[in-house]
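Working notes, structure below.
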Amino acid sequence: MKKQFAIIGLGRFGQSVCRELYHLGHEVLAIDKNEKKIEDASSYATHTLLADGTDEAALKQIGIRNFEHVIVAIAEDIQASILCTLHLKDMNVPKVWVKAQNSYHHKVLEKIGADRIFHPEHDMGNRIAQFLTSQKVIDY
Ligand code: ATP
């Protein structure tokens, strides 16, 4: 079934989430404050929007509250990530999934109600270690 997603922040992580969802046939709104990122995103997102994810009025105006699922993929600017997440939860977006930069960022995100928190490099490292030690890998 086709679902609606919004991705805020189009770094490597945000882009790859966005591309995959789009290729899977879902409706994806890509948001970034960088004009070049938004231009590029038109090839892998259903809709694009040049906006600051910390701007509450802009988020309201685009009707972000109507999205069931929003992914916040801003990590370097921790303050922006936190503020954006806070606005989304204040607007009662049901599922807000957020990329965290470090354990302090993670703790704050947890406190303000992020529904799922990712550490992609860490999570992928764990998965690879598990895969390497699973029986599915043939030892040459
Ligand atoms: P990567 O996924 O490439 O490792 P990252 O997780 O370090 O990147 P950032 O470099 O913080 O993430 O930012 C990713 C994207 O988020 C960039 O394209 C940046 O323009 C965008 N971005 C940063 N702050 C905001 C904001 N306040 N509103 C919207 N987009 C933002």
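The values are calculated or read from the model by the stated rules, or taken from the named source; none is laboratory data. Just so you know, these numbers come straight off a predicted model, no measurement behind them. No Cβ is skipped: glycine too gets one built from the backbone with ideal geometry, and neighbour counts run over all protein chains shown. Ligands, DNA and RNA are excluded from the accessible area calculation, which covers all protein heavy atoms including side chains. Shrake-Rupley method; radii C 1.70, N 1.55, O 1.52, S 1.80 Å.
Of all residues in region 1-33, those that are over 12 Å from I74 (Cα atoms), within 15 Å of the ligand (Cβ to nearest atom) and either of a type in the set (F, W, Y) or open to solvent by 50 Å² or more (accessible area, probe 1.4 Å) (or both) total 3. Does N102 satisfy being free of Cβ contacts under 8 Å to residues at least 40 places away in the same chain and at positive phi? No, not satisfied. Among the residues making up region 61-72, a single one is within 15 Å of the ligand (Cβ to nearest atom) and open to solvent by 70 Å² or more (accessible area, probe 1.4 Å): Q61.
Report yes if H47 is surrounded by fewer than 21 Cβ atoms within 10 Å (Cβ to Cβ), within 21 Å of I117 (Cβ to Cβ) and out of contact with any helix residue (DSSP H, G or I) (no Cβ under 6 Å at 6 or more places or on another chain), otherwise no. Considered against the rule, which asks whether it is surrounded by fewer than 21 Cβ atoms within 10 Å (Cβ to Cβ), within 21 Å of I117 (Cβ to Cβ) and out of contact with any helix residue (DSSP H, G or I) (no Cβ under 6 Å at 6 or more places or on another chain), H47 comes out as no. For H87, work out the one condition from (1) surrounded by 12 or more Cβ atoms within 10 Å (Cβ to Cβ); (2) away from the ligand (no atom under 15 Å from the Cβ) it doesn't fulfil. Result: H87 passes all but (2). Flag set for I112, criterion: surrounded by fewer than 18 Cβ atoms within 10 Å (Cβ to Cβ) and over 19 Å from Y22 (Cα atoms).
On inspection, G53 does not qualify as modelled with pLDDT of 95 or more and on the phi > 0 side of the Ramachandran plot. Annotation note: of I74, I82, I38, I117, the sole residue that is at pLDDT 95 or above and in contact with a Gly (Cβ under 8 Å, 6 or more places away or on another chain) is I74. Here Q130 fulfils each of the conditions (1) among the polar types (S, T, N, Q); (2) surrounded by 17 or more Cβ atoms within 10 Å (Cβ to Cβ); (3) more than 16 Å from the ligand (Cβ to nearest atom) apart from (2).
Restricting attention to region 98-117, does a residue exist that is aromatic (F, W, Y) and closer than 26 Å to K2 by Cα? Checking region 98-117: not a single residue is aromatic (F, W, Y) and closer than 26 Å to K2 by Cα. Quick one: which of K89, K99 is farther than 22 Å from Q15 by Cα and modelled with pLDDT of 95 or more? On inspection, the qualifying residue turns out to be K89. A Cβ distance below 8 Å, combined with a sequence gap of six or more or placement on separate chains, defines the contacts here; from region 61-77, residues that are under 15 Å from K89 (Cβ atoms) reach residues that are of a type in the set (G, A, S) and away from the ligand (no atom under 11 Å from the Cβ) in the pairs I64/A6; F67/A6; H69/A6; V70/A6; I71/A6; V72/A114.
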